[in-house]
Amino acid sequence: MYEKSTLDNGLRLVTHKMPERNSAALGIWIGVGGRYEEKANKGIAHLIEHLSFKGTRKYSANKIKETIEGVGGSLNAFTSEEFTCYLTKIISKHLPLALDVLSDMILEPLFAEKDLEKEKAVILEEIKMYRDLPQAYVNELLEELLWPEHPLGMNLAGTFESVSLMKRSRVLSFQNAFYHPANIVVSVSGNIEHKKIYEYIAKAFSKIKAKENIPFKKAPVHQEASRAKFFHKDTQQSHLAFGYHGYKRNHPDRHALGLLHIILGANMSSRLFNEVREKKGLAYEIGTHLRYFYDTGAFFIHAGVDNRKVSAAIITILKEMRKIAKEPVTKNEFSRAKEYYMGQLLMSLEDTLDHMIWMGEQEGALRRIKSAQDILDEIRKVTIEDAQRTARDIFRNSNLSLAVIGPQKEKEQDEMRLMLE
């Protein structure tokens, strides 16, 4: 059962009692991420997340970690395109202590100048690290193709220029604009009582005034022709990333697309795994994944391929994508995909931390929380015809982008562009 309360200033609290657990998971979700930035301040949301661990009015950087870890808890945070989340998993009786630490990180960070310069240097090294990892950098190149000149198509960590030029005044201004109660969701799951959590939340946040939420720039979703981008690098293996514009987070065909993801590339019994790896030996690593945002989404295919077999791999992958759009999947394959989808969902909600994330993202993005049973009912209603209609809508040549990192010469690159057409 999910319980929800809202403070007078707009902060939302959502909880789920899991009585037979020793732990509780707490997340404070801020409705801001990479897509709320511009080119000049790209990476600022991620930088603020880093800086929030460097000390607050009440807790030093060491004290933040020691307070949580000293009672057996774990502490972390992440920044995505649409959210920043500060989270902890801890024994339930220590939840008030965890809330005190996390709320101070949100409300009273120091953002000391010396810490800013250190974290800028750390993040610049992080950017360099991912640039040196072709399996990671190829996805960045693909996102640039899907959303050109848009925040979704820019590196979440920022650029060398944007991070290097970041000033404390800009950090303070950005944090002040987005870190306010009407833009915050507190999500808690575990062996807890909603009423007590509400009292802790009210004490920590009720004196903070709400502000108007700042909108994001809508993403371009129309693409008239296939796109390709190549990055020449003398790698031992070529890295491929295909991307199709997909559906937004609450699209009615979301589950149909999720089932296509399972059929095509979510596991070892998927079509792409069988065709590309098992039957033809073209790749060691091959799979698909989905991304959902407020107003758009994407279907990704990723593969690590022998340099001599890139063309054969691309041909095989495209053949499977066109096949699933033309021919209905079999009843047996569709049934297995549904069972996998539902099984993975149920297993993912057994842990307090995973359940907290499930609640926080839904409430933050949609202002409602669907139960697992609600989702299972929706999945059961999806038909083979729904899946094929969705495949025809998404897996069109004109909707496709391809990024490749490898040692291919210009002639090989031109041949690959022709394959997409």
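One line per residue, one yes/no per condition, for (1) exposed (fewer than 14 other Cβ atoms within 10 Å of the Cβ); (2) outside the structural domain of residue 31 (by TED's automatic domain parsing):
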position: 161; (1), (2): yes, no
position: 165; (1), (2): yes, no
position: 190; (1), (2): no, no
position: 195; (1), (2): yes, no
position: 233; (1), (2): no, yes
position: 245; (1), (2): no, yes
position: 257; (1), (2): no, yes
position: 265; (1), (2): no, yes
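Across the range 305-356, what is the total count of residues that are free of Cβ contacts under 8 Å to residues at least 40 places away in the same chain and either polar (S, T, N, Q) or touching a Gly at 6+ places or on another chain (Cβ under 6 Å) (or both)? Within the range 305-356, residues that are free of Cβ contacts under 8 Å to residues at least 40 places away in the same chain and either polar (S, T, N, Q) or touching a Gly at 6+ places or on another chain (Cβ under 6 Å) (or both) number 5.
Take residue 182 and decide whether it is hydrophobic (A, V, I, L, M, F, W, C), assigned by TED's automatic domain parsing to the domain that holds residue 146 and surrounded by fewer than 22 Cβ atoms within 10 Å (Cβ to Cβ). Answer is yes for this residue. Taken together, 391, 403, 365, 372 contain a single residue that is buried (at least 17 other Cβ atoms within 10 Å of the Cβ) and over 25 Å from residue 35 (Cα atoms), which is 391.
Is one or more of the residues making up the range 93-106 touching a His at 6+ places or on another chain (Cβ under 6 Å) and in contact (Cβ under 8 Å) with a residue 40 or more places away in the chain? No, the range 93-106 contains no residue that is touching a His at 6+ places or on another chain (Cβ under 6 Å) and in contact (Cβ under 8 Å) with a residue 40 or more places away in the chain. Give the residues of the range 142-154 that are surrounded by fewer than 21 Cβ atoms within 10 Å (Cβ to Cβ) and either in contact (Cβ under 8 Å) with a residue 24 or more places away in the chain or part of a helix (DSSP H, G or I) (or both), sorted by residue number. Of everything in the range 142-154, those that are surrounded by fewer than 21 Cβ atoms within 10 Å (Cβ to Cβ) and either in contact (Cβ under 8 Å) with a residue 24 or more places away in the chain or part of a helix (DSSP H, G or I) (or both) turn out to be 144, 145, 148, 150, 151, 153.
From the list 221, 171, 186, the lone residue that is touching a residue at least 12 places away in the same chain (Cβ under 8 Å) and over 30 Å from residue 122 (Cβ atoms) is 221.
Matching residues to (1) within 24 Å of residue 295 (Cβ to Cβ); (2) within 22 Å of the chain's Cα centre (by Cα):
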position: 7; (1), (2): no, no
position: 34; (1), (2): yes, yes
position: 38; (1), (2): yes, yes
position: 88; (1), (2): no, yes
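Residue count for the range 267-283 satisfying the condition of being surrounded by fewer than 19 Cβ atoms within 10 Å (Cβ to Cβ), within 24 Å of residue 133 (Cα to Cα) and in contact (Cβ under 8 Å) with a residue 40 or more places away in the chain: 1.
Exactly one residue out of 32, 101, 71 is in contact with a strand residue (DSSP E or B) (Cβ under 9 Å, 6 or more places away or on another chain), part of a loop (DSSP other than H, G, I, E, B) and closer than 26 Å to residue 174 by Cα, and it is 32.
Looking at (1) among the polar types (S, T, N, Q); (2) more than 17 Å from residue 186 (Cα to Cα); (3) buried (at least 21 other Cβ atoms within 10 Å of the Cβ); (4) under 24 Å from the mean Cα position of the chain (by Cα), which one does residue 56 not meet, given that it meets all the others? Checking residue 56 against (1) among the polar types (S, T, N, Q); (2) more than 17 Å from residue 186 (Cα to Cα); (3) buried (at least 21 other Cβ atoms within 10 Å of the Cβ); (4) under 24 Å from the mean Cα position of the chain (by Cα), the one that fails is (4).
The values are calculated or read from the model by the stated rules, or taken from the named source; none is laboratory data. Keep in mind it's a predicted model, so treat the numbers as computed, not measured. Because the Cβ atoms are built from the backbone with ideal geometry, glycine has one as well, and the counts that use them run over all protein chains shown.
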